Amino acid sequence: MEEVNHQNSLILGLKQYGYDYASLTLEIKYDDSKEKIKEKQAAIIVEAKKIVASAIKSDMTVEQKRKSLYDYLNDNTKYDDAALKSAEKNNFKSVDVSFNDSFTTYGINFNMVKRRKLPLFAV
């Protein structure tokens, strides 16, 4: 479950999970309400579409599109090594608040948009 959470940028605020073997049910708890998570997901999708639209042109080949997105990410993002060390220290269960949410998928996306000085709105 941890791997699924870390590899999907639209899984936000996973707090706790467990499997009930009696009922064969996966139980998942999140930090935010369903509505708040949907708002955050929608904001991420809007910004992702803007990024894709700015990096990809209709006449590009698939390989050119891949390279363009790679170049965009390479030029506009940076890895937060200090947050990684904090997460490793806490077995990836949490990150010290001083890292301003830079290790969660929502935080990564939000901070990337903020660094590009795109207009932000509260979600």
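Spelling out what I want: for every residue of the range 74-84, take phi, set θ = phi - 60°, compute 6.51 cos²θ - 1.76 cosθ + 1.60 (Karplus), and round to whole Hz; glycine and proline get x.
Whole-Hz 3J(HN,Hα) from phi for the range 74-84: 4, 7, 10, 10, 9, 7, 8, 4, 5, 5, 4.
Considering Cα pairs under 8 angstrom that are at least six residues apart, work out the relative contact order of the range 1-94 and quote it in whole percent.
Working: 47 pairs, mean separation 13.5, N = 94.
Across the range 1-94, relative contact order equals 14 percent.
Each reported figure results from applying straightforward, stated rules to the coordinates on display, with no laboratory input. All figures in this text were calculated on a predicted structure; none of them were measured in a lab.
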